[in-house]
Amino acid sequence: MTRQVPIVPTIVVLLAALLMVRLGFWQIHRLHEKEALLARYAANQTKPPLPLVALFPLNDDALYRRTSAYCLNVTSWQAEAGRGTDGTPGWRHIAACRTGAEGPGILVDMGISADSAAPAWKGGPVRGRLTWAPSSQPLITRLFGRPPAPTPMIVSDVAAPGLKPTAQPNPADIPNNHLSYAVQWFLFAAVALIIYGVALWQRARKVALTPPSR
């Protein structure tokens with residue numbers, strides 16, 4: 001006699017569906033965390049400026065706040081893709097600054113230009129909004145390796161000579177897609193159960209239409 005409901009495949013499908021539902025609820029949890037984080041970022045935009053040294057130790061709670069520091073001298077430059085305050089795309093020029101007593105150093109985005117060559121700016125006072133510097137770590141390393149500690153960066157209000165100011169970081173630009181991810185996981189679970197249910201129905205129908213062997 002053929003078993004109407006196969007045990008092992010049913011268990012596998014149910015466990016897979018439960019896992020997908022669990023991932024859906026995890027995405028909802030991440031949605032609430034992201035909403036709280038974005039609310040803190042938005043609140044930081046309205047807080048009064050503080051010197052960078054007053055924000056140490058730096059963490060996510062300090063991001064998007066206006067701050068200031070003094071770049072004693074530039075130790076190196078890096079060029080990354082970016083856009084100006086008017087939306088113009090270009091190379092954003094990020095200076096690695098020595099800050100002396102203010103801390104171990106900081107990166108400063110001093111503006112954009114059409115040329116990737118480093119500007120002639122040598123240092124000085126910097127005022128702008130605090131964010132994390134873009135990561136230069138390869139994607140494969142970020143996926144499977146231990147991520148390095150983020151590096152703080154000030155996006156300067158005033159560009160270095162010959163550059164245009166870089167667009168200030170805005171928490172509104174941070175995507176928050178966790179709700180759509182949650183819906184996708186719930187749909188995956190539902191589709192898996194529906195497909196398996198149809199397969200069981202077809203199996204049972206086939207068994208019912210098969211004449212018994214003599």
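The values are calculated or read from the model by the stated rules, or taken from the named source; none is laboratory data. In this text the structure is predicted, and so the values were computed from the model without any measurement. Here the Cβ is made from the backbone with ideal geometry for all residues, glycine too, and neighbour counts use every protein chain on show. For accessibility, only protein heavy atoms count, side chains too; no ligands or nucleic acids. Shrake-Rupley method; radii C 1.70, N 1.55, O 1.52, S 1.80 Å.
Could you tell me whether P57 is open to solvent by 60 Å² or more (accessible area, probe 1.4 Å) and over 21 Å from D157 (Cβ atoms)? First the steps, then the outcome.
Working: open to solvent by 60 Å² or more (accessible area, probe 1.4 Å): yes; over 21 Å from D157 (Cβ atoms): yes.
The answer is yes for P57.
Of A42, A16, A69, which residue is loosely packed, with under 14 Cβ neighbours inside 10 Å and of a type outside the set (D, E)? Spell out how you get there, then give the answer.
On the way: A16 fails: loosely packed, with under 14 Cβ neighbours inside 10 Å; A69 fails: loosely packed, with under 14 Cβ neighbours inside 10 Å.
One residue alone meets the criteria, A42.
Somewhere in the stretch 25-42, is a residue under 30 Å from A199 (Cα atoms), assigned to a helix (DSSP H, G or I) and in contact with a Phe, Trp or Tyr (Cβ under 6 Å, 6 or more places away or on another chain)?
Residues of the stretch 25-42 under 30 Å from A199 (Cα atoms): 25-27.
If we keep only those that are assigned to a helix (DSSP H, G or I) too, we end up with 25-27.
In the following step, the residues that additionally are in contact with a Phe, Trp or Tyr (Cβ under 6 Å, 6 or more places away or on another chain) were identified as 27.
Yes, there is a match, as at least one residue in the stretch 25-42 is under 30 Å from A199 (Cα atoms), assigned to a helix (DSSP H, G or I) and in contact with a Phe, Trp or Tyr (Cβ under 6 Å, 6 or more places away or on another chain).
Taking the stretch 72-95 only, how many residues are among the charged types (D, E, K, R), within 23 Å of K122 (Cα to Cα) and surrounded by fewer than 16 Cβ atoms within 10 Å (Cβ to Cβ)? Lay out the reasoning, then the answer.
First pass over the stretch 72-95, keeping only residues among the charged types (D, E, K, R): 80, 83, 86, 92.
Of the ones still in play, those that are also within 23 Å of K122 (Cα to Cα) are 80, 83, 92.
Restricting the remaining residues to those that are surrounded by fewer than 16 Cβ atoms within 10 Å (Cβ to Cβ) gives 80, 83.
So the count comes out to 2.
Is it the case that some residue within the stretch 124-145 is modelled with pLDDT of 90 or more and either small (G, A, S) or assigned to a helix (DSSP H, G or I) (or both)?
In the first step, residues of the stretch 124-145 are kept if they are modelled with pLDDT of 90 or more; the result is 124-132.
Of the ones still in play, those that are also either small (G, A, S) or assigned to a helix (DSSP H, G or I) (or both) are 124, 128.
Yes - at least one qualifying residue is present in the stretch 124-145.
Tell me which strands (runs of 3 or more DSSP E) are completely within the stretch 54-101 and hold 3 or more residues being under 22 Å from the mean Cα position of the chain (by Cα), or say none if there are none.
On the way: elements: 66-71, 73-83, 89-98.
Result: 73-83, 89-98.
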